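Below is one structure, written out as structure tokens, with a few remarks after it.
The values are calculated or read from the model by the stated rules, or taken from the named source; none is laboratory data. All figures in this text were calculated on a predicted structure; none of them were measured in a lab. Glycine gets a Cβ as well: all are built from the backbone with ideal geometry, and neighbour counts include every protein chain shown.
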Amino acid sequence: MIRVFGLFLIPAISITLLTGCWSTTELNELALVSAIGIDKNEEGEYVGSFQIINPGSVAGSKSTGQGTASPPVTVYTSTAKNLVGLSRNISAKASRRLYFAHTSVVVIAEELAREEGIKNLLDALDRDPEFRTTTAIIIAKNARARDLIKILTPIDQIPAENVIKMLKTNETMSGENINTKTRQVIDALSTKERDPVITGVELTREAEGGKLESIQQTEPESIIQVGGIALFRNDRLVDWAREKTARGIVFLLNKVKETDISIDWKGNEEAVVYNMIRQHTTVKPVIKNGKPEIDVHVKAEGIIGEVQVAIDLSNPDTLKRIEQEVNKEIQGELSKAIEKAKENKTDIFGFGESFHSTYPEHWKRFEKEWNDTYFSELKANIKVESFIRRTGLRNKPYLKDTN
Amino acid sequence: MEKAKIDAIQLFILIFLFELGSALLVPLAIEAEEDAWLAIFFGLAVGILIFLIFHALYQTYPDSLPTQYMRNIIGNYLGWVLGFAYCLYFLYLSARVLRDFGSMLLTIAYHETPLFIVNLLLILLIIYTVYQGIEVMARTGELLFVILYVLAISGFILIVSSGLIDLSNLKPVLEDGIVPILNVAITQTIFVPFGEAIVFSVILPYLNNPKKAKKVGILALCLSGINLMIVMAVNIAVLGVNLTKRSQFPLLTTIQSIQIADFLERLDVFFMLALIIGIFIKITIFFYAAVIGLGDLFKVTNVKQLIYPLGLVVLLLSNSIASNITEHIQEGLVIIPFILHFPFQILFPLFLLLIVYLKKRKKNKA
């Protein structure tokens, strides 16, 4: 009898205890947030824009071949004094609970970053177990975060995905931006030894980006593009670095993967292109006469990508000369980047960090006035070694030597 | 005590899993900043000494439980009171670890589930395991050990191969000298997790080959200590001191930072498995020790009768020992080491050993 009773009891207990139905949330009760934008309005409140994926129009349209009437994402905005409030206030508008685990980008308005700083923004993101701090963070340059969030993008349907892919592709192809993660910014904010850098993103044109028609043409009215690297002092945006200076910053952070370096040749501007394939930059702090100095060493490998003048590339001496020119060019970019950071008194390279870990006793002396005195008077010794490994399918260009 | 035996490998695994237990998950010794691993090392060194103390007691009385030999050493009444205090200590620690488990799970995943429910599910499992006895516990341990190691090794490979480790985060070594590190070791790592191995004084009599106890114990402590050192060093190398300090569960944050090839990411389940395996074994051993000890003290013929009521006590205690996670952790870091861990892990065993030594000398003289 007891055995029969037991046989029934075990499944009964298992069914009630092992199902795990406590606070279940089905997928159709969640609104997947793909991007968050944060602005500030005149009343001093935060304006949050939440880009939410429309599951129906993303999944169905390709298989049926018919474009659906609704756009792939919907943007809701709300205002509040804090970030949790922003997300709560959305519940008055959206039919589902916001779900942040799949958020791929956080956009912060330039104005907000410049005037108020970003330090109050990130705690909610850091604390919440649902939100991932590996999420990318970007600055909306010359634009409201809201406008950026609203733009529809042509190739990748979900705009947030599009932005992320663009940043990654651009990072590997040109090395002029860095894909900063929320955690890295929080890290930099929590220490005096480093200041944050965040890539900026801008709109090519102000336009009604929220309409589906805007991407139903071969050239969309407005697209999102990389707009340089934002330099922060503590938590406040102070300056922008673009193109070569930006690349110098990325070099110093040792984040450059591939890039093209163009050099002048016999009066022809940017006539030889060096395709860098890999590089390694080491930053070594040294103390000379009690003063901090930094030794930067770049080692680069690459191939010749393009030659617009007649050069005999089969001659090793020519390649040596090109290498030297490339060295000079990279060196220039690095010093530009360091100058820029010094002007703004912001240690975006984390030199302070490396001094702290290598010279802890000296660091105690530097620590208090690092950014104001020691960093802005820091001497940098830059050494670049670049190597040309191959010259492509041709050695001599088809151009006949006219000089 | 029940009639059962475990072999040396099983004991090794139980000690190992017990040591990793909750220590794997929390920012262990992070007050020592970059040198957390060194503080763990010092804790390990002293932890081995503590093990040697109660191992010496075990060698004198290889077949009896601590609750029995305490009465032999310091007299029936005093020994009974001390044994009872030890049982309460183990019971309290099982409640503490259960609370750790509940708060972790709630913080990470189940925000809306009441603590009581989460704790209830685990304690039911533990009651069942303890009911089955030490041999089943040991075999479960063997199984879980393999799982945990596969997880640990694959996790480590993933972390290394995604290029997250930045060894410069571990520098400077010994920035403020050795004093702060010893300080952390003395106030924390000696007691948690290494000193806690005192609970194995209850398990040791079950060993089928008493001669191996010393070797097995020290090896298990060393291996778990080395593992903890590696985990903490990896945490700091990946996250940096600042973030590790601010994290409730640095290992979770470390695992979350793994991103390989756009699809190997969000491996939180690694952490969850480590959490459940480690904590399950840890509570089971504490709870088992308390049950066996109390059964012996109160001369209960069938010890298994005690398991359900005591399980309920642990469950209720785990809910009521602190009103929030901060209070719970502060108690564990600031108060418990001095008023509980120090006397129970070092002072009392040392005192007992001293009396045994004096008695022996007297005997030899006579």
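Looking only at region B:250-278, count every residue that is at negative phi and within 10 Å of chain A (Cβ to nearest Cβ) and tell me the total. Lay out the reasoning, then the answer.
Looking only at region B:250-278, we keep the residues that are at negative phi, and these are B:250-260, B:263-265, B:267-278.
So of that shortlist, the ones also within 10 Å of chain A (Cβ to nearest Cβ) come out as B:252-253, B:256-259, B:265, B:268.
So the count comes out to 8.
Among the residues making up region B:240-269, a single one is buried (at least 19 other Cβ atoms within 10 Å of the Cβ) and among the aromatic types (Phe, Trp, Tyr): B:PHE249. Per the conditions (1) more than 14 Å from chain B (Cβ to nearest Cβ); (2) surrounded by 13 or more Cβ atoms within 10 Å (Cβ to Cβ); (3) under 28 Å from B:LYS171 (Cβ atoms), the sole criterion not satisfied by A:ASP372 is (2). Counting only residues that are part of a helix (DSSP H, G or I) and more than 30 Å from B:GLY102 (Cα to Cα), how many does region B:322-366 have? Residues flagged as part of a helix (DSSP H, G or I) and more than 30 Å from B:GLY102 (Cα to Cα) within region B:322-366 amount to 19.
So, A:THR182, is that one within 14 Å of chain B (Cβ to nearest Cβ), in contact with a strand residue (DSSP E or B) (Cβ under 7 Å, 6 or more places away or on another chain) and within 18 Å of A:PHE232 (Cα to Cα) or not? Yes; evaluated as a whole, the condition is true for this residue.
Can you pull out the residues in region A:259-310 that are outside any strand (DSSP E or B) and either free of Cβ contacts under 8 Å to residues at least 40 places away in the same chain or closer than 30 Å to A:ASN371 by Cβ (or both)? Working first, answer last.
Filtering region A:259-310 for residues outside any strand (DSSP E or B) gives A:266-267, A:289-290, A:308-310.
A:GLY267, A:ASN289, A:GLY290, listed by residue number.
One residue stands out in region B:158-180 among those that are within 11 Å of chain A (Cβ to nearest Cβ) and assigned to a helix (DSSP H, G or I): the one that is surrounded by the fewest Cβ atoms within 10 Å (Cβ to Cβ), namely B:LEU167. On the basis of being closer than 30 Å to A:LYS255 by Cα and of a type in the set (A, V, I, L, M, F, W, C), does B:VAL160 make the cut? Against the criterion (closer than 30 Å to A:LYS255 by Cα and of a type in the set (A, V, I, L, M, F, W, C)), B:VAL160 qualifies.
Of all residues in region A:101-124, how many are within 13 Å of chain B (Cβ to nearest Cβ) and closer than 23 Å to B:ARG246 by Cα? Let's see the steps before the verdict.
Step one: of region A:101-124, the residues within 13 Å of chain B (Cβ to nearest Cβ) are A:101-104, A:122-123.
Those left that are additionally closer than 23 Å to B:ARG246 by Cα: A:101, A:103, A:122-123.
Total meeting the criteria: 4.
Among all positions in region A:120-127, there is at least one residue which is acidic (Asp, Glu), crowded, with 16+ Cβ neighbours inside 10 Å and touching a Ser or Thr at 6+ places or on another chain (Cβ under 9 Å).
Per-residue answers, yes or no, for (1) in contact with a Phe, Trp or Tyr (Cβ under 9 Å, 6 or more places away or on another chain); (2) of a type in the set (Asp, Glu); (3) at pLDDT 90 or above:
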position: B:GLY141; (1), (2), (3): yes, no, yes
position: B:ILE147; (1), (2), (3): no, no, yes
position: B:ILE157; (1), (2), (3): no, no, yes
position: B:SER161; (1), (2), (3): no, no, no
position: B:LEU167; (1), (2), (3): no, no, no
position: B:PRO180; (1), (2), (3): no, no, no
position: B:PHE200; (1), (2), (3): yes, no, yes
position: B:PRO210; (1), (2), (3): yes, no, no
position: B:VAL216; (1), (2), (3): yes, no, yes
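Just a yes or no: is a residue in region A:209-219 part of a loop (DSSP other than H, G, I, E, B) and acidic (Asp, Glu)?
Narrowing region A:209-219 to residues part of a loop (DSSP other than H, G, I, E, B): A:209-211, A:216-219.
Of the ones still in play, those that are also acidic (Asp, Glu) are A:219.
So far as region A:209-219 goes, yes, one or more of its residues are part of a loop (DSSP other than H, G, I, E, B) and acidic (Asp, Glu).
If you filter region B:257-275 down to residues that are touching a residue at least 60 places away in the same chain (Cβ under 8 Å) and assigned to a helix (DSSP H, G or I), you find that the one that is farthest from the chain's Cα centre (by Cα) is B:ASP268.
Look at A:LEU399 and say whether it is of a type in the set (A, V, I, L, M) and loosely packed, with under 15 Cβ neighbours inside 10 Å. Yes, satisfied. Across region A:90-114, the number of residues qualifying as surrounded by 21 or more Cβ atoms within 10 Å (Cβ to Cβ) and without any contact (Cβ under 8 Å) to a residue 24 or more places away in the chain comes to 0.
Sub-7 Å Cβ pairs linking a first residue in region B:94-121 that is within 13 Å of chain A (Cβ to nearest Cβ) to a second residue that is crowded, with 16+ Cβ neighbours inside 10 Å and among the basic types (Lys, Arg), at least 6 apart or interchain, number zero. Failed condition for A:GLU202, given (1) within 14 Å of chain B (Cβ to nearest Cβ); (2) part of a strand (DSSP E or B), with all others met? The number of the failed condition is (1). Kindly establish whether A:TYR398 is in the same structural domain as A:LYS342 (by TED's automatic domain parsing), without any contact (Cβ under 8 Å) to a residue 40 or more places away in the chain and either over 13 Å from A:ASP347 (Cα atoms) or out of contact with any His (no Cβ under 9 Å at 6 or more places or on another chain) (or both). Yes, satisfied.
Output the residue which, of all residues in region A:345-358 that are more than 8 Å from chain B (Cβ to nearest Cβ) and out of contact with any Pro (no Cβ under 6 Å at 6 or more places or on another chain), is surrounded by the fewest Cβ atoms within 10 Å (Cβ to Cβ). The qualifying residue surrounded by the fewest Cβ atoms within 10 Å (Cβ to Cβ) is A:LYS345.
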